[in-house]
Amino acid sequence: MLPLREPDAARTGMTFHQMLERIRYNGAYPTRERAEDVTRAVLEALGRQLTGDERVDLAACLPTEAALFFTSQIPELQPLTGWGFVKDLATRTSGTPATARWDTGAVLAVVGHLAGPRLLDRILAQLPSGYALLFGRAELTQAA
């Protein structure tokens, strides 16, 4: 008999624990608990921005615990720009824009790796300007 669901490691290539350890390393966080708090905040914030197939496909790429953080939020009617995303995260976490930007980069670098280049391209096409840099990519603009 086949299992109804694939295990997280087989589905995403990374367990939640491995994801947190990579985020902890990227962000130079002192504890795993701090890395988990940051991960939760950033994924919930991202969950307020993404809709449609990209939201569903990204949730499927994440370990279950991370996907639950991400999908626990209802998307906003008007998505924020990348800078707006950082400022909103700073406000919600009582941090500064600089620490929110650091936290965002630490988490979204791992999320982008799990999503892969094709899905990340689709995600960035859906979001307003400024998100490519948050995922660790250059943001190219078209010449006038």
Problem - Length-normalised contact order of segment 58-144 in % [C-alpha pairs under 8 Å, at least 6 apart] - result: 32
Handout entry: Rounded accessible area of residue 83 (nearest 10 Å², 1.4 Å probe)
Key = 140
Completion exercise
Measure of exposure for residue 34: accessible area at 1.4 Å probe, Å² rounded to 10, is 100
Problem - Label selected from (1) 1.17; (2) 1.13; (3) 1.02, the criterion being Cα Rg over 2.2 N^0.38 Å as computed here - result: (3)
Handout entry: Spin-label proximity, residue 72 to segment 80-98 - amide N less than 19 Å from point 7 Å beyond Cα toward beta carbon
Key = 88-95
Completion exercise
In whole percent, the fraction of accessible protein surface over segment 29-90 that belongs to carbon or sulfur atoms, probe radius 1.4 Å, stands at 56
Fill in the blank from the handout: Largest-first ranking of 72, 94 by accessible area, probe 1.4 Å, whole protein assembly kept, is 94, 72
Fill in the blank from the handout: Rounded to the nearest 500, the 222 nm mean residue ellipticity computed for the chain from DSSP H runs (n ≥ 4, each -39500 (n - 2.57)) alone is -21000 deg cm²/dmol
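The values are calculated or read from the model by the stated rules, or taken from the named source; none is laboratory data. Predicted model only: the values in this text are computed from it and were never measured. Because the Cβ atoms are built from the backbone with ideal geometry, glycine has one as well, and the counts that use them run over all protein chains shown. Side chains included, ligands, DNA and RNA excluded: accessible areas come from the protein's heavy atoms. Shrake-Rupley method; radii C 1.70, N 1.55, O 1.52, S 1.80 Å.
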